[in-house]
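K.L.:
The structure is given below, and queries will be raised subsequently.
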Amino acid sequence: MSSMAAPRSAMGESVRIVLRDEDEENGDDSPSAKRPKLDRFPLTRWEIVASLSVFFIFSAGLFCVYLTMPAADLGKLKLPRSISDLRLLKDHLGSYAKDYPAQFILGYCSIYIFMQTFMIPGTIFMSLLAGALFGVIRGLLLVVLNATAGASSCYFLSKLIGRPIVSWLWPEKLRFFQAEIAKRRDKLLNYMLFLRITPSLPNLFINLASPIVDIPFHIFFLATLIGLIPASYITVRGIYEGIVRCS
């Protein structure tokens, strides 16, 4: 009996080893195996070099614009913390914009597009400033055009290096977005307008993920241009009426 048990034990062990090897070859389907690996930065060395090169080119252009700006009294400028502070800032910048309108618009647009392209927080302050300085109609045009230009730059930057970053930061959200886009290919513009008008997905994620899920640029551009109007109008009109009441 003992001589028969030994071969059976050895045979069972051999079967277990073979099954384990097959599982390793086929891949582990457990939840832990499906979990994304976040222990490694998603960009390669060349992608990091490319992104830094684009950033420094934009920064150099912004610095060149700054060098063309006439001198101003920067001591009077401070970050506004209330409507009254914003009104004072508006008065200081308003006189500068009146004396040097072309240079001021160039500087404003360059800063706005730079911040939007590289996802730097603070564009809401730029929108408030547009409403305070230029009124509702001109401020709205300035905000929408600059926001669309910045989002378009972000779209092309993401097309260059965005896929590994978005897949690393938002894997589940990217899969959801890709599935929704696949279901709505026939009415893609309507869906993109819906996303821009409602807070279903953050604008930052939409800008970065759109080229990854193969949304055509003309659809992205039109949806951004039209979809940003309602929120921008509320922001610009609200701050303009607030400053008028404080005057």
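K.L.:
Compare the peptides 129-135, 228-234, 59-65 by average per-residue count of other Cβ atoms within 10 angstrom and give them in order, highest first.
P.N.:
The packing order, highest mean first, is 129-135, 228-234, 59-65.
K.L.:
Given a 1.4 angstrom probe, what's the average accessible area per residue across region 134-235, in square angstrom?
P.N.:
Using a 1.4 Å probe on heavy atoms only, each residue of region 134-235 averages 49 Å².
The values are calculated or read from the model by the stated rules, or taken from the named source; none is laboratory data. None of the values given here were measured: they were computed from a predicted structure. Don't worry about glycine lacking a Cβ; one is built from the backbone with ideal geometry, like all the others, and counts go over all protein chains shown. Calculation scope for accessible area: heavy atoms of the full protein, side chains included, ligands and nucleic acids excluded. Shrake-Rupley method; radii C 1.70, N 1.55, O 1.52, S 1.80 Å.
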